[in-house]
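See below for the structure under consideration.
The values are calculated or read from the model by the stated rules, or taken from the named source; none is laboratory data. Note that the structure is predicted; figures quoted are calculated from it, not measured. When we count neighbours, we look across all protein chains shown, and the Cβ atoms used for this are built from the backbone with ideal geometry, even at glycine. To get the accessible areas, we keep the full protein, side chains included, count just its heavy atoms, and leave off ligands, DNA and RNA. Shrake-Rupley method; radii C 1.70, N 1.55, O 1.52, S 1.80 Å.
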Amino acid sequence: MEGMLNKDLWKELLDSILDAKGADPVVLDMTGHCSWGDKMIIVTAASRIHMKGIYGRIMDFIKNRDDLELLNHPETKQEDRWILVDLGSIVVHIMTTEAREYYNLEDIWFESPVLYKEQAPAG
C-alpha cells in the first residue's frame, strides 16, 4: 500500500511541477539505488525566476499535506542554477539548462529505472 501511495504522490507532485511549466521532466525510481530517497524528479527551468516559481509551486503543493515534509536545506534556496528540494522519499532537482547539462544526473543514476520522461519539442 505504501509503495502505491508513493507512486501516486510523485505523480501529483509532477503534475504540480508541470503546471509551473517545468521542462524536460524525468522521474527516476531510486529504490535500491540509494539510501536517501525513493524517487528523484529532475526538471529544467528557463531562468532563475522560473526556478523560484517552480519551487514556490512545490511549497504550495506540500503546504497542507501530512505525507510530505520539506527537510531543511536553506542554502539551496540561494542557488543560481540549481534548487534541491528534499522531501524525504522524493527529491526534486530544479535546474537551469546549463546546470542540467553540466551535472547530467540522469547519466550518474543511469541504473535507476525511469518512471517518467518527457522531452521538450524540437524548436
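General observations
- Full extension of the segment from residue 86 to residue 15, taken as 0.36 nm per residue of separation minus the current Cα-Cα distance, would add 23.8 nm.
- Label-point gap, in nm, between residue 116 and residue 102 - each point 7 angstrom along Cα→Cβ: 2.7 nm
- With every protein chain in place and a 1.4 angstrom probe, the accessible-area ranking of 59, 40, largest first, reads 59, 40.
- Residue pairs, from the table 21/117; 52/117; 21/63; 39/117, whose Cα atoms sit over 18 Å apart: 52/117; 21/63
- Residue 65 contributes about 60 Å² of solvent-accessible surface, heavy atoms of the protein only, 1.4 Å probe.
- Pairs of alpha carbons in segment 2-73 separated by more than 22 Å make up 22% of all such pairs.
- Surrounding net charge for residue 19, when Lys and Arg each add one and Asp and Glu each subtract one, Cβ distance under 12 Å: -1
- Since only 45, 68, 30 are under comparison, the one whose Cα sits farthest along the positive direction of the charge dipole of segment 12-77, derived from C-beta charges on Lys, Arg, Asp and Glu, is 45.
- Projected onto its three principal axes, the C-alpha set of segment 31-113 covers 33, 30, 19 Å, listed from the longest axis down.
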